[in-house]
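Peer 1: Let me give you the structure first, and then I'll get to my questions.
The values are calculated or read from the model by the stated rules, or taken from the named source; none is laboratory data. Treat the numbers as computed from the prediction; the structure is a model and nothing was measured. Every residue, glycine among them, receives a Cβ derived from its backbone with ideal geometry; neighbour counts consider all protein chains shown.
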Amino acid sequence: MTKAILAALILAALYYLFLKPRPKKPRAPKMPQDEARAILGVGADADEEAIRSAHRRLVSAVHPDKGGSEELTRRINAARDTLLRRNA
């Protein structure tokens with residue numbers, strides 16, 4: 001009887017560790033490249049360094065830790081990711 005209980009506990013632990021469905025992280029919304037460039041204020045020919053520089057400048061101004069908005073920070077990050085994905 002104890003072997004059956006031990007086996008059931010082991011199976012439950014294995015299920016919990018490896019098979020239990022995990023909540024999915026929310027995906028960033030898709031953003032058109034034109035909108036992303038407008039948010040960051042960069043041109044169509046901006047390289048990776050210009051995109052990162054514009055991102056740092058904007059995020060430092062609107063970051064929630066400095067009294068800014070989480071939504072604005074999220075949109076600026078999405079714009080950076082959209083443009084860097086294009087350049088990759």
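Peer 1: Which of the residues belonging to the range 26-85 are at pLDDT below 90, surrounded by 11 or more Cβ atoms within 10 Å (Cβ to Cβ) and under 13 Å from the mean Cα position of the chain (by Cα)?
Peer 2: Of everything in the range 26-85, just one residue is at pLDDT below 90, surrounded by 11 or more Cβ atoms within 10 Å (Cβ to Cβ) and under 13 Å from the mean Cα position of the chain (by Cα), namely Ala28.
Peer 1: Can you tell me how many residues in the range 22-71 are of a type in the set (Gly, Ala, Ser) and under 10 Å from Leu83 (Cα atoms)?
Peer 2: Final tally of qualifying residues: 3.
Peer 1: Quick one: which of Leu6, Leu58 is over 30 Å from Ala79 (Cβ atoms) and without any contact (Cβ under 8 Å) to a residue 24 or more places away in the chain?
Peer 2: Of Leu6, Leu58, the one residue that is over 30 Å from Ala79 (Cβ atoms) and without any contact (Cβ under 8 Å) to a residue 24 or more places away in the chain is Leu6.
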